[in-house]
């Protein structure tokens, strides 16, 4: 792909406008922390933290499940019939491996 003068010029203009936007955002944040009451700032941070924690809980609920029981029994939930528990001495070798 050929790089032209116009492409370089547009890249420079885009980065300059992006820098201006970042400076403006930084200025607004600084102004808010200097002028806003502490309770308001704390409430906003608490709301964001609660939202983030709920997202983490959703992710961990999906991804993390308890490991299978070596005896073959599964902890039953309401309405579920638990699997038959097998004594350890009757298990075959692969079932005894823990991973």
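The values are calculated or read from the model by the stated rules, or taken from the named source; none is laboratory data. The model shown is predicted, which means the values in this text are computed figures rather than measured ones. Because the Cβ atoms are built from the backbone with ideal geometry, glycine has one as well, and the counts that use them run over all protein chains shown.
General remarks:
- Which listed residue is modelled with pLDDT of 80 or more and part of a loop (DSSP other than H, G, I, E, B), from 2, 61: 2
- Of all residues in segment 31-39, none satisfies being exposed (fewer than 10 other Cβ atoms within 10 Å of the Cβ), in a loop (DSSP other than H, G, I, E, B) and at pLDDT below 90.
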